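Each remark here refers to the structure printed beneath this line.
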């Protein structure tokens, strides 16, 4: 999970043969993102939809839920960038 305001993310994974405190066959996965977050007492998101939900979805506690129609989802994806 990352913060709602995250606009850049980079991740890395590596296999470690053995780590003393974990044991054998260990995978190490880490991500860095911006802007910074994980502040004590703050939530990673706001309970507000800043983008209208897709056709077929409803807002529930600040999140869009339900299945969107395929045509609307394709249209949104085509204009997202």
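The values are calculated or read from the model by the stated rules, or taken from the named source; none is laboratory data. Not measured: the values here are computed from a predicted model. Note that we place each Cβ from the backbone using ideal geometry, even for glycine, and neighbour counts take in every protein chain shown.
Yes/no matrix, rows are residues, columns are (1) assigned to a strand (DSSP E or B); (2) at pLDDT 80 or above; (3) surrounded by 12 or more Cβ atoms within 10 Å (Cβ to Cβ):
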site	(1), (2), (3)
3	no, no, yes
18	yes, no, no
26	yes, yes, yes
33	yes, yes, yes
59	yes, yes, yes
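When the range 38-50 is examined, which residues are found to be at pLDDT 75 or above and under 18 Å from the mean Cα position of the chain (by Cα)?
39, 42, 43
Could you look through the range 5-16, keep only residues that are surrounded by fewer than 10 Cβ atoms within 10 Å (Cβ to Cβ) and more than 17 Å from the chain's Cα centre (by Cα), and pick out the one that is nearest to residue 62 (Cα to Cα)?
Among those residues, the one meeting the criterion is 13.
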